[in-house]
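Chemist: So that we are looking at the same thing, I have put the structure below in structure tokens.
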Amino acid sequence: MEARVTEQYYHSVRLDKKKCEGCIHCIQRCPTQAIRVRNGKAIIVAERCIDCGECIRVCPHKAKYAERDGMEELSRFSYTVALPAPSLYGQIANVKDINSLLCALRDIGFDDVFEVSAAAERISSGTKKFLKENTNFPRPVISSACPVICRLISVCFPNLIEHILPLHSPMEEAGRLAREAAMKKTGLPPEKIGVFFITPCPAKVTAIRHPMECETSNLDGALAMNDIYPALVSALKHEEAEEDLQNSGLIGVSWGMTGGEASGILSEDALAVDGIENCMKLLEEIEDEKLHDISFIELNACSGGCVGGVLTAENPFIAKARLQHLRKYLPVAMNRASAEETRTVLTAEKLPEPVPALRLADNLEDAMKKMNRLNALLETFPRLDCGTCGAPTCRALAEDIVRGYTTEQDCIFRIKEELEGAGLGKAAEDLIPPPFRKKKE
């Protein structure tokens with residue numbers, strides 16, 4: 001299985017094998033069953049991983065981590081621009097206003113700042129125009145803002161790709177606008193300007209280095225919120241003179257939490273959902289054609305929206321409360337996109353492509369044979385999904401067997417049957433984890 005982790009699939013979520021103890025917390029939490037434990041170490045199956053970061057969140061040994069850029073990357077450029085995600089505004093206590101935080105970003109090493117919330121307002125107005133002008137587009141339209149959701153659809157729900165909103169994410173639009181503004185301001189060529197996103201999650205890092213909506217990202221890298229948090233707190237304590245850098249309103253700032261995007265299109269038949277399990281259930285309902293009265297759906301993989309990202313520094317509920325306070329006296333919006341810009345500038349170059357992670361074979365005949373064997377194997381397994389085999393479920397183990405990655409001997413209940421057949425019944429029962437042992441008479 002490890003050999004299947006190829007360069008074809010870049011992922012920012014990584015495994016430190018030295019720290020991995022081979023526990024099964026990650027395999028039980030991974031929404032796409034992208035992790036196995038083999039030979040005492042976890043293995044991430046690249047084609048299944050969607051960079052949600054749930055394994056980072058639950059690993060007790062800190063063996064999972066997110067690859068991201070550091071402040072030293074800024075030295076590669078003559079001029080650098082920070083792109084703070086709206087969720088950053090809720091990370092630090094006692095912030096007087098958003099402008100103070102934007103000024104602090106310049107103090108810690110950036111030459112300029114461009115708000116992703118400003119680009120989010122353009123996407124909101126563009127989405128509203130798109131929905132109005134494209135009545136034949138498959139409904140409900142699914143937001144393209146969360147890269148985890150886009151990758152989830154590519155892996156597990158490829159039939160729903162046609163439902164994804166074909167507009168750029170706020171991050172990419174902000175990157176384009178920030179670079180253009182910096183070029184105009186400095187006279188520098190684009191390659192001399194470094195544009196860096198301040199990210200709440202690892203999926204944004206992947207979206208920059210391996211974009212789904214364009215051939216090449218408008219950004220040069222991403223810094224984690226929890227990495228720059230200490231420097232920001234220090235800069236805010238010494239912040240005095242403030243320049244007016246803020247250029248977004250309530251709609252843009254609200255994108256940092258669940259419901260912000262959906263409310264921004266000002267539609268009564270828009271829906272917002274957060275939490276990866278809830279999102280998967282809703283995608284299943286869309287596949288089953290159950291949502292006839294919804295035109296637009298905002299899906300956030302993290303609970304609470306981006307404020308719940310694994311690379312944030314603050315409790316998501318506290319961060320949400322701060323965002324609500326900071327946006328209270330803001331204008332509704334300060335940025336809009338025209339209908340022409342929606343059709344040209346804001347339109348994504350491409351949609352996510354299906355990932356054949358769940359395909360058992362390249363042709364139908366072989367796939368059917370493997371599926372029949374998989375179902376037959378599953379009938380012989382206990383279906384307890386205990387995880388002791390290193391796979392998250394009995395079905396996942398059966399799938400690994402028919403793919404040739406492992407054998408039936410990985411199932412401890414299968415070993416028990418063989419020992420019982422050899423007359424070692426008591427010893428066999430002692431091998432079974434206590435919750436699954438039979439009651440002794």
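The values are calculated or read from the model by the stated rules, or taken from the named source; none is laboratory data. Here the structure is a predicted model, which means the values were calculated and not measured. Virtual Cβ from ideal backbone geometry, glycine too; neighbours counted across all protein chains shown.
Chemist: Within the bounds of segment 199-217, is there any residue that is aliphatic (A, V, I, L, M) and within 16 Å of residue 115 (Cα to Cα)? Working first, answer last.
Modeler: Of all residues in segment 199-217, those aliphatic (A, V, I, L, M) come to 203, 205, 207-208, 212.
Cutting the leftovers down to within 16 Å of residue 115 (Cα to Cα) gives us none.
No, segment 199-217 contains no residue that is aliphatic (A, V, I, L, M) and within 16 Å of residue 115 (Cα to Cα).
Chemist: Of all residues in segment 233-255, how many are among the aliphatic types (A, V, I, L, M), surrounded by fewer than 22 Cβ atoms within 10 Å (Cβ to Cβ) and in a helix (DSSP H, G or I)? Steps first, answer last, please.
Modeler: First, pick out the residues of segment 233-255 that are among the aliphatic types (A, V, I, L, M): 233, 235-236, 241, 245, 250-251, 253.
Narrowing the set further to residues that are surrounded by fewer than 22 Cβ atoms within 10 Å (Cβ to Cβ) leaves 233, 235-236, 241, 245, 250.
Subset that is in a helix (DSSP H, G or I): 233, 235-236, 250.
Adding up the residues that qualify gives 4.
Chemist: Now, a different point. Would a scan of segment 76-93 turn up a residue that is outside any strand (DSSP E or B), under 30 Å from residue 325 (Cα atoms) and hydroxyl-bearing (Ser, Thr, Tyr)? Steps first, answer last, please.
Modeler: At the first step, the residues of segment 76-93 found to be outside any strand (DSSP E or B) are 76-78, 85-93.
Checking the rest, the ones that are also under 30 Å from residue 325 (Cα atoms) come to 85-93.
Checking which are hydroxyl-bearing (Ser, Thr, Tyr) leaves us with 87, 89.
Yes, because at least one residue in segment 76-93 is outside any strand (DSSP E or B), under 30 Å from residue 325 (Cα atoms) and hydroxyl-bearing (Ser, Thr, Tyr).
Chemist: Related question: For segment 236-251, does any single residue satisfy the condition of being under 20 Å from residue 310 (Cα atoms) and touching a helix residue (DSSP H, G or I) at 6+ places or on another chain (Cβ under 8 Å)?
Modeler: Going residue by residue through segment 236-251, those that are under 20 Å from residue 310 (Cα atoms) are none.
So far as segment 236-251 goes, no, none of its residues is under 20 Å from residue 310 (Cα atoms) and touching a helix residue (DSSP H, G or I) at 6+ places or on another chain (Cβ under 8 Å).
Chemist: I've got another one for you. In segment 302-323, which residues are hydrophobic (A, V, I, L, M, F, W, C) and over 13 Å from residue 88 (Cβ atoms)? Walk me through it before giving the result.
Modeler: If we filter segment 302-323 for residues that are hydrophobic (A, V, I, L, M, F, W, C), which is where we start, we get 302, 306-307, 310-311, 313, 317-319, 321, 323.
302, 310, 317, 318, 321, listed by residue number.
Chemist: Mind counting the residues in segment 73-93 that are over 11 Å from residue 196 (Cα atoms), of a type outside the set (Phe, Trp, Tyr) and either in contact (Cβ under 8 Å) with a residue 60 or more places away in the chain or in the same structural domain as residue 51 (by TED's automatic domain parsing) (or both)?
Modeler: Adding up the residues that qualify gives 9.
Chemist: Take the residues in segment 78-118 that are crowded, with 22+ Cβ neighbours inside 10 Å and of a type in the set (Gly, Ala, Ser), then tell me which one is nearest to residue 178 (Cα to Cα).
Modeler: Applying the filter and picking the extreme gives 82.
Chemist: Could you check segment 256-368 for helices (runs of 4 or more DSSP H) lying wholly inside it with 1 or more residues that are free of Cβ contacts under 8 Å to residues at least 12 places away in the same chain? Talk me through it step by step, then tell me what you get.
Modeler: Details: elements: 260-264, 276-287, 316-326, 339-343.
Because the criterion is at least 1 residues that are free of Cβ contacts under 8 Å to residues at least 12 places away in the same chain, the helices (runs of 4 or more DSSP H) in segment 256-368 that meet it are 276-287, 316-326, 339-343.
Chemist: Same structure, new question: Residues of segment 119-140 being surrounded by fewer than 24 Cβ atoms within 10 Å (Cβ to Cβ) and part of a helix (DSSP H, G or I), which ones?
Modeler: We begin by selecting, within segment 119-140, every residue surrounded by fewer than 24 Cβ atoms within 10 Å (Cβ to Cβ); these are 125, 128-140.
Within segment 119-140, 125, 128, 129, 130, 131, 132, 133 qualify.
Chemist: When you scan segment 17-32, how many residues do you find that are surrounded by fewer than 20 Cβ atoms within 10 Å (Cβ to Cβ) and in contact with a Lys or Arg (Cβ under 8 Å, 6 or more places away or on another chain)?
Modeler: The total comes to 5.
Chemist: Cβ contacts < 7 Å: first residue closer than 18 Å to residue 245 by Cβ, restricted to segment 178-190; second residue of a type in the set (D, E, K, R) and modelled with pLDDT of 95 or more, any location; separation 6+ or different chain. Result?
Modeler: Between residues of segment 178-190 that are closer than 18 Å to residue 245 by Cβ and residues that are of a type in the set (D, E, K, R) and modelled with pLDDT of 95 or more, the close pairs are 182/112.
Chemist: Just checking, how many residues over segment 45-72 are buried (at least 20 other Cβ atoms within 10 Å of the Cβ), closer than 19 Å to residue 225 by Cα and either free of Cβ contacts under 8 Å to residues at least 60 places away in the same chain or out of contact with any Leu (no Cβ under 7 Å at 6 or more places or on another chain) (or both)?
Modeler: The total comes to 7.
Chemist: Also, I was wondering about something else. So the check is Cβ under 9 Å with 6+ separation or different chains; which pairs have a first residue in segment 417-441 that's modelled with pLDDT of 70 or more and a second one that's among the polar types (S, T, N, Q) and assigned to a loop (DSSP other than H, G, I, E, B)?
Modeler: As it stands, the answer is 432/388; 433/388; 436/388, since those pairs meet every condition given.
Chemist: Give segment 382-421 a look and list any residue that's of a type in the set (S, T, N, Q) and crowded, with 21+ Cβ neighbours inside 10 Å, or say none.
Modeler: Answer for segment 382-421, where residues must be of a type in the set (S, T, N, Q) and crowded, with 21+ Cβ neighbours inside 10 Å: there is none.
Chemist: Examine segment 69-85 for a residue that is under 24 Å from residue 359 (Cβ atoms) and either modelled with pLDDT under 95 or of a type in the set (Lys, Arg) (or both), and state whether such a residue exists. Walk me through it before giving the result.
Modeler: In the first step, residues of segment 69-85 are kept if they are under 24 Å from residue 359 (Cβ atoms); the result is none.
Among the residues of segment 69-85, not one is under 24 Å from residue 359 (Cβ atoms) and either modelled with pLDDT under 95 or of a type in the set (Lys, Arg) (or both), which makes the answer no.
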